[in-house]
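Working notes, beginning with the structure itself.
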Amino acid sequence: MAQTELPAEPRMIAISSGKGGVGKSTVTANIAVAMAEAGLRVGVVDADIYGPSIPRMLGIPAGKPAMSPAQKVIPAEAHGVKVMSMAMLSDDDSPAILRGPMVTKYLQMFIRQVEWGALDVLLLDLPPGTGDIQLTLAQAFPLTGAVVVSTPQDVSLKIARRGLRMMEQVKVPILGVIENMSGFTCPECGTVTHIFHEGGGEAIARELGVEFLGKVPLDPTVVDCGDDGRPLVLAAPESSAAAAYRSIATRLAGSACDIVGIATPFAWTLTDDTGKPAPVQALVSGPADRLAALDHADGALLLRWADGADQRLTDRDLRLVCQCAQCRDEMSGKRILNPENVSLNINLTRVWSVGNYALGMAFSDGHDTGIYTFQALQTMAGTELEDV
């Protein structure tokens, strides 16, 4: 379960959408190039394993990537942006027929087994929806935040709301909402026609209390630019859409949305005390659902939360409240684990971070499949185990 950080610790920003067809990859490609033009060192992971499109949009020719002496993949580069994509590992007409675990494996490889070098920002172009890839990223990597792309269309906004809620549940900060295809300006008379309604992206951002990063107007040039492999910010730099992309890129590059709490990812082996996360200063007014420090003493896990609250949870209590499928019935939630089968002397052996919202734990009886959300840990205080 040990985690390996990227060498340069870039700000990792996930670009997501609730549904397909909203132009998320086009937005990602243009934002990446705009950031590179501004002098940032930018990488893009095309995390849409089944439908990769970033290489085509950036004009990256087909061909297998080379390997570095350290046996890491050397990313392709175009317009100052480094790219890793499934499209670079397969032919244009070859479908990616993969089950969930293999998709997760490729995603981990695209981030950890690539010779990125020093980066300031790593953009992750996600597939639409709230599935395996989104959850893997939230659990395995220290995401700076997520951006949600939507059109002003009502159905798109409703689905985008679900994506926002999913990211909130796994404690990934929402950096903002981008409204794509917000209106079409007639090149002859200048009249703006709002084909997919107007102002929906700004309204949903206001409703959910997140930042509205901007709106990108419809521009027929976008289609030709994507097909030609030349992003709009380069092909039509004076256009309204290009200006919108640059404005959004500037806001994302300068946005400060640091996680309050111990740094993730970490994997702490208690037997030799390696990998223990360094504590941070607890804040009296800080968020209650962020960990400021972890320790272990006298058979108990000691937690300090960012709001200054302290908690002591014994190893055996933690083992008994495990919510994994081996310990709880998935349908009824009834406990399967028999407390009589759990030794009074059971010990924690490892603790690791699961994204920014939970801890994974391994015990001396070999059990290591439980995920303990911060919310669940906090509710253990004063709980009678017989009622759990």
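If you go through region 281-306 and keep only what is at pLDDT 75 or above, assigned to a loop (DSSP other than H, G, I, E, B) and either loosely packed, with under 12 Cβ neighbours inside 10 Å or under 23 Å from the mean Cα position of the chain (by Cα) (or both), you end up with Gln281, Asp289, Arg290, Asp298, Ala306. Of all residues in region 208-224, which are in contact (Cβ under 8 Å) with a residue 12 or more places away in the chain and either in a helix (DSSP H, G or I) or under 16 Å from Phe184 (Cα atoms) (or both)? Of everything in region 208-224, those that are in contact (Cβ under 8 Å) with a residue 12 or more places away in the chain and either in a helix (DSSP H, G or I) or under 16 Å from Phe184 (Cα atoms) (or both) turn out to be Leu208, Gly214, Lys215, Val216, Pro217, Leu218, Asp219, Thr221, Val222.
If you filter region 5-48 down to residues that are of a type in the set (D, E, K, R) and assigned to a helix (DSSP H, G or I), you find that the one that is modelled with the highest pLDDT is Glu37.
Assess whether Ala160 counts as being assigned to a helix (DSSP H, G or I), in the same structural domain as Val222 (by TED's automatic domain parsing) and within 10 Å of the chain's Cα centre (by Cα). In short, no.
For region 213-233, a residue qualifies if it is under 28 Å from the mean Cα position of the chain (by Cα), within 27 Å of Ala203 (Cα to Cα) and of a type outside the set (A, V, I, L, M), and the qualifying residues are Gly214, Lys215, Pro217.
Does region 334-353 contain at least one residue that is under 30 Å from the mean Cα position of the chain (by Cα), modelled with pLDDT under 90 and part of a loop (DSSP other than H, G, I, E, B)?
Within region 334-353, not a single residue is under 30 Å from the mean Cα position of the chain (by Cα), modelled with pLDDT under 90 and part of a loop (DSSP other than H, G, I, E, B).
Of the residues that make up region 143-151, is at least one out of contact with any Lys or Arg (no Cβ under 8 Å at 6 or more places or on another chain), outside any strand (DSSP E or B), within 13 Å of Gly20 (Cβ to Cβ) and modelled with pLDDT under 75? No, every residue in region 143-151 fails to be out of contact with any Lys or Arg (no Cβ under 8 Å at 6 or more places or on another chain), outside any strand (DSSP E or B), within 13 Å of Gly20 (Cβ to Cβ) and modelled with pLDDT under 75. Residues in region 310-330 that are assigned to a loop (DSSP other than H, G, I, E, B) and more than 28 Å from the chain's Cα centre (by Cα): 2 in all. Residues being farther than 28 Å from Leu232 by Cβ, surrounded by fewer than 20 Cβ atoms within 10 Å (Cβ to Cβ) and basic (Lys, Arg): count how many of those fall in region 159-181. Matching residues across region 159-181 total 2. Residues that are touching a His at 6+ places or on another chain (Cβ under 9 Å), at pLDDT 75 or above and under 30 Å from Pro61 (Cα atoms) do not occur anywhere in region 239-251.
The values are calculated or read from the model by the stated rules, or taken from the named source; none is laboratory data. These numbers were taken from a predicted model, which means no experiment stands behind them. So basically every Cβ, Gly included, is an ideal-geometry build from the backbone, and we count neighbours across all protein chains shown.
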